[in-house]
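Okay, so here's the structure we're looking at.
The values are calculated or read from the model by the stated rules, or taken from the named source; none is laboratory data. Because the structure is predicted, anything quoted here is derived from the model rather than measured. All Cβ positions, glycine included, derive from the backbone under ideal geometry; neighbour counts span all protein chains shown.
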């Protein structure tokens, strides 16, 4: 059904455009911080409670991906179903569990929330279109489980997923109830990078790109780094300003251990 409305050539053009926009976003975010969380900035619009904003921002990708899977003729075939479970596991946690665990009364600008909703919807079309329509119709999944990339990619994804969950746990528990001070997160991958949660998320989508062995997955991994790489650099500078030598003496990188 999907491929009847959007030709493979049009889909490939869509991937190229998404990749090009990711490069633009990567450069732009070194000049303009994405103003949410620790870097909250009201110029991106009126504030929305964080729990509400995260649900509204993340759930479109979960819902659209589910619809594309449900309408596919290949929904219960092993390879598409495996990739679907991997993808949806992250977004179920991010859409419906993570927001409920947020502590305090922090806000997210409505502009950031809306931009996230648009990207997530487009990403669901990008990933779901390939996984459930183009790939199976082209016989792409033939002998899929005899190839190493599905196992390597799933292992990398799982490492990233666990790292992301643990890092979020560390960040959530930096403060005791009623405390408003800022602290340097420690433990786990925070030993190597200042944004271990972002490192974990980036590893998830690198793993997914390997597991799906697709340009769609690569473009998503590129988008993930385009968004989180500059943000991790901004957070690193914020930690430097706020904590000085206490932070710099830890000799961490921003998001990629030993590299960046």
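Quick look at the values:
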| item | result |
| --- | --- |
| Top-ranked residue in region 232-260 [being under 19 Å from residue 29 (Cα atoms) and assigned to a loop (DSSP other than H, G, I, E, B); ranked as nearest to the chain's Cα centre (by Cα)] | 255 |
| Close pairs from region 142-170: first modelled with pLDDT of 95 or more, partner loosely packed, with under 13 Cβ neighbours inside 10 Å and not in a helix (DSSP H, G or I), Cβ under 7 Å, at least 6 apart | 170/187 |
| Lone qualifier among 76, 97 - being out of contact with any helix residue (DSSP H, G or I) (no Cβ under 6 Å at 6 or more places or on another chain), without any contact (Cβ under 8 Å) to a residue 24 or more places away in the chain and assigned to a helix (DSSP H, G or I) | 97 |
| Selection count where residues are farther than 16 Å from residue 97 by Cβ and in a helix (DSSP H, G or I), scope region 159-184 | 4 |
| Candidate set: region 1-37, residues that are at pLDDT below 80 and surrounded by 15 or more Cβ atoms within 10 Å (Cβ to Cβ); chosen: the one farthest from residue 113 (Cα to Cα) | 3 |
| Pairs where the first residue, in region 101-118, is closer than 13 Å to residue 58 by Cβ and the second is assigned to a loop (DSSP other than H, G, I, E, B), C-beta under 6 Å, 6+ apart | 108/36; 112/36 |
| Check on residue 205, closer than 30 Å to residue 79 by Cβ, surrounded by fewer than 20 Cβ atoms within 10 Å (Cβ to Cβ) and under 19 Å from the mean Cα position of the chain (by Cα) | no |
| Count of residues meeting criterion [under 14 Å from residue 213 (Cβ atoms) and surrounded by 17 or more Cβ atoms within 10 Å (Cβ to Cβ)] in region 147-179 | 5 |
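Residues checked against (1) within 21 Å of residue 231 (Cα to Cα); (2) modelled with pLDDT of 90 or more:
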| site | (1), (2) |
| --- | --- |
| 53 | yes, yes |
| 64 | no, yes |
| 72 | no, yes |
| 97 | no, yes |
| 100 | no, yes |
| 112 | yes, no |
| 125 | no, yes |
